[in-house]
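Visitor: The following block contains the structure, expressed as structure tokens.
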């Protein structure tokens, strides 16, 4: 919520003035309203209290706190706030409009217009004619002179009157608050923060209600005794149910464990069965394979042996075939050479006769040579003829070892040797291959057999694990059984108890409805009593934390290690965790006290978690140059929808303004026009133009 | 009318819940009664409050018929 409009008519120095506030944003939530002393800052602040809450707001206004509640003091106070030169026929009027922001977009706009009427002699009109309140909630309008019901409406749609001091306050007020802090201040804080005032009032109201109700319900004692007995039985039933629930929970957990174990066991059993099957199957098959392989190996070896025996000669011949064939070839070459030599020698003379005819006279070519030369030439021809067969083929034998085999016979023998050689080696090769394969198969089956023979060890391990699972499952079943027995017994007890409870409830049911209400009211009263006792210390601790946090943001370094304490019945003090002696806050300097007051108000505003505008009149007061920026920063950084700071020219100076300018949404300057004797609101203007 | 802040604060809410549980009332009844008191608070007007308290208790009893 933010204050979107404030209209003041005949209100102190404001004759007819309007503040139109822009919608703040998350980054720009600060509104600065500048006014010199006496120009209308405090009148602005007071208009919020009285405009919203009328006589219920008066107790929070500076200078009026000690004024007794009541109609007459209120009328006198309003007369003081009425503009002295107001025309008698014009009422004094305060009109406030609160508009939701994104943070509370489900709320509706609330406009409160409060008018106070005066007589021609400017005296408050008598009775109900004095004051009128008009409330707009969204589109609905309520105009009431029944101020109490309007108060309810305003509090319902905005906030309770008693939280306003945490949000609308002036610096002096904050400074003075410390002096009245102590027990009273804390109590008020607790009331504001946690609604304990309501709890206390309700407690008292319930006590009165019970007194009246008991007397109407035919005697407190009988109802109370039966109710106490019922309470006792119900408590016992709760305990039994809790115990049963616990046991059932444990059993459920055990069942899950057992299921898990069962699953594991099933897997294991399956694995074991599979392995057992595999073992049995593998062993049989592999052993058969192994026997077969062994037999095959033996057969192959025998076959090789037989073949060697059968083909012994052939094999021997086969083995000798190559050298024999080589020998036959060499002797064939020798035979051929000898044939060539004999042939050449046989034709030698005839050749020589052709070459050198005899007698020399018949030789026209060489006939004229001398006998000696002719003999030499003839010898040369003879030598030349020897070259036909000399030298013999190097592969030719030099003699005949197999001289009995010649010619065609030799060719047949070579052919036979080739046949025997081919026949024997093929068979032997096939048998050798068979033997090799049989040996490999034998080795393979032997290895497989050894592997399978190791399996029983793994199977034993599986059996051991299975045994453990069975033991665990057994334990789980025992636990489940024990619990089920206990649950059965407890349920039997519960049944008996329910019968007794039913009896008491029947008895109570026969009582008047008022007595049942009384029983509930008694219990509520107990809750409220304990709540009252226990909320206060809890609240006190929380408040100390929040006040300390806000105070340390403003205070100087001396308080860095400080912690604010708000002792019940005593004045607030600051304690240090570095051994420094603690100090009473009332002994601090003026602005230090004001810092505490501001911190206290901010803490309350923060803890109440209400999205209400924060309005502070002259927060900086007599702060020095170091305190000013810190205080201003603490205020402007505060997480609220709208922060309105009322200030004079010496407070938020130009340099301070520079520091917060980015957060400022809007500025106003209020100036008192001496000629017209009224305060004039100038939007978007501030000190120094 | 909103409930008092102690019903929203985590720590105090837990305390209230525990106390309500201990004394077998529900937090809604306590809230109803607190809101009732807030409506009557400060104004001094308490006429008819007993009937309103009885109404709150009756609503509680209709929510918890076994109590």
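The values are calculated or read from the model by the stated rules, or taken from the named source; none is laboratory data. Remember, predicted model here, so these are calculated numbers, not experimental data. We place every Cβ from the backbone using ideal geometry, glycine too, and count neighbours over all the protein chains shown.
Visitor: Which count do you get for residues in the range B:7-28 that are facing chain A (nearest Cβ under 7 Å) and under 12 Å from the mean Cα position of the chain (by Cα)?
Guide: 3
Visitor: Those residues that are part of a loop (DSSP other than H, G, I, E, B) and more than 25 Å from residue A:635 (Cβ to Cβ), I need them from the range A:13-31; list them, please. Steps first, please.
Guide: Applying the first criterion (part of a loop (DSSP other than H, G, I, E, B)) to the range A:13-31 yields A:13, A:21-29.
A:13, the sole residue that qualifies.
Visitor: Assuming residue A:123 fulfils every condition listed in (1) under 24 Å from residue A:85 (Cα atoms); (2) at pLDDT below 90 apart from one, which condition is it?
Guide: Single failed check for residue A:123: (2).
Visitor: May I ask you to list pairs of residues, at least six apart or on different chains, whose Cβ atoms are under 6 Å apart, with the first in the range B:42-55 being more than 7 Å from chain A (Cβ to nearest Cβ) and the second being at pLDDT 75 or above and buried (at least 16 other Cβ atoms within 10 Å of the Cβ)?
Guide: Correct list of pairs: B:46/B:40; B:52/B:36.
Visitor: From the list A:206, A:181, A:193, which one is within 48 Å of the chain's Cα centre (by Cα), closer than 24 Å to residue B:6 by Cα and at pLDDT 70 or above? It would help to see each step written out before you state the result.
Guide: Values: A:181 fails: at pLDDT 70 or above; A:193 fails: at pLDDT 70 or above.
Only one candidate qualifies: A:206.
Visitor: Right, next: Please go through the range A:639-662 and give me each residue that is surrounded by fewer than 18 Cβ atoms within 10 Å (Cβ to Cβ) and touching a helix residue (DSSP H, G or I) at 6+ places or on another chain (Cβ under 7 Å), ordered by number.
Guide: Result: A:659, single match.
Visitor: A further question on this structure: For residue A:344, indicate whether it is part of a helix (DSSP H, G or I), in contact with a helix residue (DSSP H, G or I) (Cβ under 7 Å, 6 or more places away or on another chain) and at pLDDT 85 or above.
Guide: Judged against the criteria, residue A:344 is a match.
Visitor: Tell me which residues, restricted to the range A:101-120, are within 30 Å of residue A:639 (Cα to Cα), assigned to a loop (DSSP other than H, G, I, E, B) and either modelled with pLDDT of 90 or more or touching a strand residue (DSSP E or B) at 6+ places or on another chain (Cβ under 8 Å) (or both).
Guide: A:101, A:108, A:109
Results for (1) within 24 Å of residue A:157 (Cα to Cα); (2) in contact with a helix residue (DSSP H, G or I) (Cβ under 8 Å, 6 or more places away or on another chain); (3) at pLDDT 95 or above, shown as yes or no for each residue.
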| residue | (1), (2), (3) |
| --- | --- |
| A:1 | yes, yes, no |
| A:4 | yes, no, yes |
| A:15 | no, no, yes |
| A:18 | yes, no, yes |
| A:25 | yes, no, no |
| A:30 | yes, yes, no |
| A:36 | no, no, no |
| A:40 | no, no, no |
| A:46 | yes, yes, no |
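Visitor: Taking residue B:47, is it crowded, with 17+ Cβ neighbours inside 10 Å and either assigned to a loop (DSSP other than H, G, I, E, B) or at pLDDT 85 or above (or both)?
Guide: Values: crowded, with 17+ Cβ neighbours inside 10 Å: no; either assigned to a loop (DSSP other than H, G, I, E, B) or at pLDDT 85 or above (or both): yes.
The answer is no for residue B:47.
Visitor: Also, I was wondering about something else. For residues that are without any contact (Cβ under 8 Å) to a residue 40 or more places away in the chain and either more than 11 Å from chain B (Cβ to nearest Cβ) or within 39 Å of the chain's Cα centre (by Cα) (or both), scanning just the range A:514-532, find the one that is surrounded by the fewest Cβ atoms within 10 Å (Cβ to Cβ).
Guide: Filtering the range A:514-532 for residues that are without any contact (Cβ under 8 Å) to a residue 40 or more places away in the chain and either more than 11 Å from chain B (Cβ to nearest Cβ) or within 39 Å of the chain's Cα centre (by Cα) (or both), the one surrounded by the fewest Cβ atoms within 10 Å (Cβ to Cβ) comes out as A:530.
Visitor: Next up: Looking only at the range A:441-458, count every residue that is surrounded by 15 or more Cβ atoms within 10 Å (Cβ to Cβ) and more than 15 Å from residue A:291 (Cβ to Cβ) and tell me the total.
Guide: Adding up the residues that qualify gives 1.
Visitor: Right, here's the next one. With the checklist (1) at pLDDT below 80; (2) within 12 Å of chain B (Cβ to nearest Cβ) in hand, flag the one item residue A:586 doesn't pass.
Guide: (2)
Visitor: Residue A:545: within 14 Å of another protein chain (Cβ to nearest Cβ), surrounded by fewer than 23 Cβ atoms within 10 Å (Cβ to Cβ), within 27 Å of residue A:161 (Cα to Cα) and touching a residue at least 40 places away in the same chain (Cβ under 8 Å), yes or no? So that I can check it myself, show each step before the final result.
Guide: Numbers: within 14 Å of another protein chain (Cβ to nearest Cβ): yes; surrounded by fewer than 23 Cβ atoms within 10 Å (Cβ to Cβ): yes; within 27 Å of residue A:161 (Cα to Cα): yes; touching a residue at least 40 places away in the same chain (Cβ under 8 Å): no.
In short, no.
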